[in-house]
Amino acid sequence: MQPNATAVAQQAHRYRDIDVLPFGAALGAEVRCGDLRRASAAQIAQIRQAWLDHLVLVFRGQTLSDPELLALARHFGELDDTARPQPTDQPGQDLQTRALTIVSNVIENGKPIGALSNVDLVWHTDMSYIEVPPDASILYAVEVPAAGGETGFCNMYRALETLPREMRTRLQGATIKHDATHNSGGFLRKGFDPPADVTRSPGPSHPAIRTHPETGCDALFLGRRPYSYVQGLPVPESEALLEQLWSHAAKPDLAWYHKWRAGDVVMWDNRCTMHRRNAFDNNARRIMHRTQIKGTRPYAAVNAGRAQVHPRGLTN
Ligand code: SIN
């Protein structure tokens, strides 16, 4: 999708040292600021503002070594070294850095070099299966397939704003248990059994509506659909409510898809978006390096339910 010229003009005053070109979609903008390795302090501050404003940022044509990717991430907070996306059959994590995850379908010497293979990944919030999920994720494309493997993002501010009023009222004070046993590719995580009963299965409970700690705006927080559970409800009622919420949040008009080129860096706000990935041909190579910024506070402590609306929560 091409950047929207009117929106560019409207935002120009906000960003003096970078160009921010919003996509004419529910979220996302391309940022043009030259080589990210040489970004000035002023540019980093404006990138941070653009990230809060547009939820997902795309930087094209970058060349980053792993230490440079981690150095970029450090500008935005403390690195998260707790990511463990590998299921038993995909032991590909770079244990030297721990803060770097390789997401790839490539097999070398009979072993996957990274996680999540070539499969479709369901909508999810990164690591919502821990008490304090990361604030941000940064994904750098090293090799990409000619077709497929697009990453979709959806705007959870807008998902909340467009919910029917009675549903929103019903969610005030509600908490949802986020499943810890499976990753977004549907693979069982190491050390877990498949849940027999969602009311007892492992995973933290987070508020269904949370207030973003930096923007002060409310967003819907769903995590992952499989094995989730609305605390306190009989399972059939929880399932019915989750079905309604997910069919709303997964609507195409809340989403935007990124078609990758090698050298792209995409940075998203994990507190107000979800993402998913299209499957791709397993004969093609896709290698992405990912790092994450540690969450700053548990969502349960956030004063969810305030009335502020993020500008991106409003429909175009
Ligand atoms: C992820 O969910 O972090 C990976 C997304 C992707 O491979 O595009």
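Here is how the numbers come out for the structure above:
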item: Residue among Thr82, Thr101 that is at pLDDT below 90 and either among the charged types (D, E, K, R) or more than 12 Å from the ligand (Cβ to nearest atom) (or both); result: Thr82
item: Selected residue (criterion: farthest from the ligand (Cβ to nearest atom)) from residues of the range 256-284 that are open to solvent by 20 Å² or more (accessible area, probe 1.4 Å) and within 22 Å of Arg158 (Cα to Cα); result: Tyr257
item: Matching residues in the range 173-193 - criterion: being more than 18 Å from the chain's Cα centre (by Cα) and either of a type in the set (Gly, Ala, Ser) or more than 20 Å from Thr125 (Cα to Cα) (or both); result: Gly173, Ala174, Gly191, Asp193
item: Residue match in the range 285-292 (condition: of a type in the set (Lys, Arg), within 18 Å of Leu160 (Cα to Cα) and within 16 Å of the ligand (Cβ to nearest atom)); result: no
item: Qualifying residues in the range 104-118 (those that are among the aliphatic types (A, V, I, L, M) and more than 10 Å from the ligand (Cβ to nearest atom)) - the one most open to solvent (accessible area, probe 1.4 Å); result: Ile107
item: Test set (1) in contact with a Lys or Arg (Cβ under 8 Å, 6 or more places away or on another chain); (2) within 14 Å of the ligand (Cβ to nearest atom); (3) part of a loop (DSSP other than H, G, I, E, B) - Ile138 fails condition number; result: (3)
item: Unique match (being touching a helix residue (DSSP H, G or I) at 6+ places or on another chain (Cβ under 8 Å), without any contact (Cβ under 8 Å) to a residue 24 or more places away in the chain and among the hydrophobic types (A, V, I, L, M, F, W, C)) among Leu233, Leu245, Leu222; result: Leu233
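The values are calculated or read from the model by the stated rules, or taken from the named source; none is laboratory data. Worth saying up front: this structure is predicted, and the values here are computed from it rather than measured. Quick reminder, even Gly has a Cβ in these numbers, built from the backbone with ideal geometry, and neighbours come from all protein chains shown. The area values use the complete protein model at the heavy-atom level, side chains included, leaving out ligands, DNA and RNA. Shrake-Rupley method; radii C 1.70, N 1.55, O 1.52, S 1.80 Å.
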